[in-house]
Amino acid sequence: SNAPAVSSGSRLEVDSSLITGGAAGVYTADGVDWLINNSTIDAGQAGASDPVNTPSLHSEPFPTWNADVDNSILVDGIVANDEFGGDGTVSCDHSDLPSVDLDPGLVDDCPIGGSSTNTSNPPGDLFVGGAPYDWMLSASSPAIDTAEPGPPPAGLAIRDLAGNPRRAAGTAATCPDG
């Protein structure tokens, strides 16, 4: 399909969600704010890092676009084109994504690797996979226990997609697996 899985022309909050398929996972050409939290977005082919023209997040900002990606997995990365003369910032924290491809003038605050809290892992290392594709984290997934420590912010889901409570990491009582 040439259509995105989700298209938004207003403020968008994606919390504890799985978005799959489409030419882009989430798309906008309007000046909106996005909050992507505790979610997995996999556009295009399931479980594959598709080419840059099939991103998890795609924006053509006008006049302004801001995206905050926290504790999420973007299988196909982020693309933002400045063809409408807008501006914007994308910020990522405690997330896994392969790349960020923004036109000049747009601000990339999604460092990957090094001392940042963001990582980039092949989808085959993250998910159970199979046919039909299963986006549950595999037992050896490097994404396990990599979200921001502490309870979820007020107003956001306190359970994951499998219905398990989100844990506050930091002690043996709140994070028994390390």
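Restricting to the stretch 22-39, name every residue that is open to solvent by 20 Å² or more (accessible area, probe 1.4 Å), within 26 Å of PRO132 (Cβ to Cβ) and either in contact with a Phe, Trp or Tyr (Cβ under 8 Å, 6 or more places away or on another chain) or assigned to a loop (DSSP other than H, G, I, E, B) (or both). Steps first, please.
Taking the stretch 22-39 and keeping what is open to solvent by 20 Å² or more (accessible area, probe 1.4 Å), we get 22-23, 27, 29-31, 33, 35, 38.
With the extra rule that they be within 26 Å of PRO132 (Cβ to Cβ), the set shrinks to 22-23, 27, 38.
Once the filter is applied, which keeps residues that are open to solvent by 20 Å² or more (accessible area, probe 1.4 Å), within 26 Å of PRO132 (Cβ to Cβ) and either in contact with a Phe, Trp or Tyr (Cβ under 8 Å, 6 or more places away or on another chain) or assigned to a loop (DSSP other than H, G, I, E, B) (or both), the stretch 22-39 yields ALA23, ASN38.
Which of the residues belonging to the stretch 82-124 are part of a strand (DSSP E or B) and not aliphatic (A, V, I, L, M)? Before the answer, list the steps.
Our first condition is that a residue be part of a strand (DSSP E or B); within the stretch 82-124, this holds for 87-93, 96, 100-102, 107-109, 119.
Result: ASP87, GLY88, THR89, SER91, CYS92, ASP93, ASP96, ASP101, ASP108, ASP109, THR119.
Conditions first: (1) buried (at least 18 other Cβ atoms within 10 Å of the Cβ); (2) touching a Phe, Trp or Tyr at 6+ places or on another chain (Cβ under 7 Å). GLY85 passes all but one, so which condition is the exception?
If we test GLY85 against (1) buried (at least 18 other Cβ atoms within 10 Å of the Cβ); (2) touching a Phe, Trp or Tyr at 6+ places or on another chain (Cβ under 7 Å), just (1) comes out false.
For the stretch 39-61, does any single residue satisfy the condition of being on the phi > 0 side of the Ramachandran plot and within 12 Å of the chain's Cα centre (by Cα)? If you could, list the steps in order and put the result at the bottom.
Taking the stretch 39-61 as the starting set, the residues that turn out to be on the phi > 0 side of the Ramachandran plot are 44, 47.
Cutting the leftovers down to within 12 Å of the chain's Cα centre (by Cα) gives us none.
No, because not a single residue in the stretch 39-61 is on the phi > 0 side of the Ramachandran plot and within 12 Å of the chain's Cα centre (by Cα).
What's the number of the condition GLY129 fails, among (1) touching a helix residue (DSSP H, G or I) at 6+ places or on another chain (Cβ under 9 Å); (2) under 20 Å from THR54 (Cβ atoms); (3) open to solvent by 80 Å² or more (accessible area, probe 1.4 Å)?
(3)
I'm told ASP109 meets every condition in (1) open to solvent by less than 70 Å² (accessible area, probe 1.4 Å); (2) at pLDDT 85 or above; (3) more than 22 Å from THR20 (Cβ to Cβ); (4) touching a Ser or Thr at 6+ places or on another chain (Cβ under 8 Å) except one. Can you identify the failing condition by its number?
(1) is the only condition that ASP109 fails.
Filter the stretch 91-106 down to the residues that are small (Gly, Ala, Ser) and modelled with pLDDT of 95 or more, then identify the one that is least open to solvent (accessible area, probe 1.4 Å).
As a first pass, look at the stretch 91-106 and keep what is small (Gly, Ala, Ser): 91, 95, 99, 105.
The next check asks that each one be modelled with pLDDT of 95 or more; those that pass are 91, 95.
On the way: SER91: 27, SER95: 5 Å².
Among those residues, the one meeting the criterion is SER95.
Looking for something aliphatic (A, V, I, L, M), open to solvent by less than 80 Å² (accessible area, probe 1.4 Å) and more than 18 Å from the chain's Cα centre (by Cα) - is there at least one such residue anywhere in the stretch 137-146? Write out each step before concluding.
Taking the stretch 137-146 and keeping what is aliphatic (A, V, I, L, M), we get 137, 139, 143-144.
Then drop every residue that is not open to solvent by less than 80 Å² (accessible area, probe 1.4 Å), which leaves 137, 143-144.
Then drop every residue that is not more than 18 Å from the chain's Cα centre (by Cα), which leaves none.
No, the stretch 137-146 contains no residue that is aliphatic (A, V, I, L, M), open to solvent by less than 80 Å² (accessible area, probe 1.4 Å) and more than 18 Å from the chain's Cα centre (by Cα).
The values are calculated or read from the model by the stated rules, or taken from the named source; none is laboratory data. All values reported here derive from a predicted model rather than from experimental measurement. No Cβ is skipped: glycine too gets one built from the backbone with ideal geometry, and neighbour counts run over all protein chains shown. Remember, those area values only see protein heavy atoms, side chains included, never the ligands or the DNA or RNA. Shrake-Rupley method; radii C 1.70, N 1.55, O 1.52, S 1.80 Å.
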